[in-house]
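To start, the structure under review is shown below, and the notes come after it.
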Amino acid sequence: MRETGCPEETLFSFLSRKRREDLGYRNILSSMCTPPHPVAARAHAMFLETNLGDPGLFPGTADLERLLVRRLGALTHLPLAGGYATSGGTESNIQAFRIAKKRKPTRSPNVVVPESGHFSFQKASDILGIEVRAAPLDAEFRMDVDAVDGLMDKDTIALIGIAGTTEYGMIDPIAHLSDLALDREVFLHVDAAFGGMVIPFLDRQIPFDFRLPGVDSISIDPHKMGMSTIPAGCLLVRDPEYFSSLNVDTPYLTVKQEYTLAGTRPGAPVAAAVAVLEYLGLEGMRAVVAGCMENTRRLIEGMETLGYERAVTPDVNVATFSGDRVPATWRVSRTRAGHMRIVCMPHVDRDVIEAFLEDMSGLDA
Ligand code: 0PR
């Protein structure tokens, strides 16, 4: 550290320089994040110093967290779901594994995760000493549920389904998984970190949530399609009682026990997440999602006209193509199988899509 502090102006010109090195979202087609909605940014600023890790000191903010859980619970067809605000999909997935492990103690636990599972499941597996068994995908990159049964044994503590896969934007056959989970009496976690803020707003209703009786928990991230500030995730559980197995004593806090993974937890992104939901309402969210889906369709149509074939028709706003060259001004990503991947987030609007297609037309497919 410096011996004497730096003048504020010098400091902020240094920070501005660093910030200018960051890319603007305009040409980022690879991210599941997006600039926060203006009401999210405003709400975030109001709650900067709040700490949900000691909720008795911030009862108003703690109320907002309960409101967020209620809203997301209603969206996933269980208004009385338990839940709390996490730092994102990774923490939610880790906590879901912890719950499953506590509910079925066994010497060498395993979980069945589709091959399309996010890498956060590897982290959860490593931390908790749980074997991950990869279930194959069908031709449309959805979990092949028929193969799941053969991967299970008496030490299987959970099944995982993905509602909106990171790479191809597919929704696994969660209804089928739910039947299997009930039949085999095993915990079912649905990773809807991305799709949870998309699927409820689609015209076509695809069951992925607590309407399915076998679903025990759901990851759903406001900092992705919920246009909140980072970090805002949420873990929902069918019965608030599920959390009790994770409780540790916290003798000197305003609450005597906690089940969260993090201790100190930011209230600002929670206020931001609530702000977006309240400001937009169902109507506003449906409009945002309809726009993203329309742009996804336009992108696929435009790319195919240029000779770049889609890898699959996605269920949510993630488009994937064969072909690998992209003009250097654009950021796309690549799936493990080598497809070009574009996430049509709210900032990837129609003008951005047309500009990208225009630049792509300058290349030979
Ligand atoms: N589950 C799913 C289905 C996800 O897609 C992701 C992240 C996670 C869990 C983990 O969420 P957190 O990263 O919030 O813990 N999916 C994106 C990905 O890995 C995250 C991302 C966002 C990556 C913005 C890059 C980026 O620029 O691709």
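In segment 310-341, how many are in contact with a Ser or Thr (Cβ under 7 Å, 6 or more places away or on another chain) and among the β-branched types (Val, Ile, Thr)?
Selection size over segment 310-341: 4.
Out of all the residues in segment 38-60, which are of a type outside the set (A, V, I, L, M, F, W, C), surrounded by fewer than 22 Cβ atoms within 10 Å (Cβ to Cβ) and either not assigned by TED's automatic domain parsing to the domain that holds Val270 or not in a loop (DSSP other than H, G, I, E, B) (or both)?
Selection gives Pro38, Arg42, Asn51, Pro55, Gly56, Pro59, Gly60.
Quick one: what pairs do we get from segment 37-58, first residue more than 21 Å from His347 (Cα to Cα), second open to solvent by 40 Å² or more (accessible area, probe 1.4 Å) and at pLDDT 95 or above, C-beta under 6 Å, 6+ apart or different chains?
Thr50/Phe58; Asn51/Thr264; Gly53/Thr264
Anything in segment 182-209 that is in contact (Cβ under 8 Å) with a residue 60 or more places away in the chain, open to solvent by less than 20 Å² (accessible area, probe 1.4 Å) and more than 19 Å from Tyr168 (Cβ to Cβ)? List them, or say none.
Hits for segment 182-209 are Val186, Phe187, His189, Phe201, Asp209.
So which of Arg204, Arg211 ends up being at pLDDT below 95 and not in a strand (DSSP E or B)?
Arg204
So, in segment 41-80, exactly how many residues are under 22 Å from Met285 (Cα atoms) and polar (S, T, N, Q)?
Final tally of qualifying residues: 1.
Hey, any hits in segment 43-50 for a residue that's within 16 Å of the ligand (Cβ to nearest atom), modelled with pLDDT of 95 or more and within 30 Å of Thr296 (Cα to Cα)?
The initial filter retains those residues of segment 43-50 that are within 16 Å of the ligand (Cβ to nearest atom), namely none.
Within segment 43-50, none of the residues are within 16 Å of the ligand (Cβ to nearest atom), modelled with pLDDT of 95 or more and within 30 Å of Thr296 (Cα to Cα).
Does Val148 qualify as being of a type in the set (A, V, I, L, M), under 30 Å from Ala268 (Cβ atoms), away from the ligand (no atom under 15 Å from the Cβ) and in contact with a strand residue (DSSP E or B) (Cβ under 6 Å, 6 or more places away or on another chain)?
Working: of a type in the set (A, V, I, L, M): yes; under 30 Å from Ala268 (Cβ atoms): no; away from the ligand (no atom under 15 Å from the Cβ): yes; in contact with a strand residue (DSSP E or B) (Cβ under 6 Å, 6 or more places away or on another chain): yes.
No; evaluated as a whole, the condition is false for this residue.
Given the structure, is Ala287 closer than 30 Å to Leu64 by Cβ, surrounded by fewer than 23 Cβ atoms within 10 Å (Cβ to Cβ) and free of Cβ contacts under 8 Å to residues at least 12 places away in the same chain?
Yes: the conditions hold for Ala287.
Would you mind finding the one in Thr229, Thr264, Thr254 that is within 16 Å of the ligand (Cβ to nearest atom), assigned by TED's automatic domain parsing to the domain that holds Gly117, open to solvent by 10 Å² or more (accessible area, probe 1.4 Å) and in a loop (DSSP other than H, G, I, E, B)?
It is Thr229.
Here's the yes/no breakdown for (1) surrounded by fewer than 18 Cβ atoms within 10 Å (Cβ to Cβ); (2) assigned to a strand (DSSP E or B); (3) in the same structural domain as Leu202 (by TED's automatic domain parsing):
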| residue | (1), (2), (3) |
| --- | --- |
| Gly307 | yes, no, no |
| Thr320 | no, yes, no |
| Pro327 | yes, no, no |
| Arg341 | no, yes, no |
| Met345 | no, no, no |
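Being open to solvent by 30 Å² or more (accessible area, probe 1.4 Å) and in a loop (DSSP other than H, G, I, E, B) is the filter; apply it to segment 232-244 and report the residue that is nearest to the ligand (Cβ to nearest atom).
Residue satisfying both the conditions and the ranking: Arg238.
Just checking: which of the strands (runs of 3 or more DSSP E) contained wholly in segment 81-147 hold 3 or more residues that are β-branched (Val, Ile, Thr) and open to solvent by less than 50 Å² (accessible area, probe 1.4 Å)?
Qualifying strands (runs of 3 or more DSSP E): 110-114.
Each row is one residue, and each column tells you yes or no for (1) more than 22 Å from Thr229 (Cβ to Cβ); (2) within 15 Å of the ligand (Cβ to nearest atom); (3) among the aliphatic types (A, V, I, L, M).
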| site | (1), (2), (3) |
| --- | --- |
| Pro55 | no, no, no |
| Thr86 | no, yes, no |
| Ala96 | yes, yes, yes |
| Arg103 | yes, no, no |
| Arg107 | yes, no, no |
| Leu128 | yes, no, yes |
| Pro136 | yes, no, no |
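Need pairs with beta-carbon distance below 8 Å; first residue on the phi > 0 side of the Ramachandran plot and within segment 210-238, second within 11 Å of the ligand (Cβ to nearest atom) and of a type in the set (Val, Ile, Thr); sequence gap 6+ or separate chains.
Final answer for the pair search is Met227/Thr34.
The values are calculated or read from the model by the stated rules, or taken from the named source; none is laboratory data. Here the structure is a predicted model, which means the values were calculated and not measured. Because the Cβ atoms are built from the backbone with ideal geometry, glycine has one as well, and the counts that use them run over all protein chains shown. Protein only, heavy atoms only, side chains kept; ligands, DNA and RNA dropped before computing areas. Shrake-Rupley method; radii C 1.70, N 1.55, O 1.52, S 1.80 Å.
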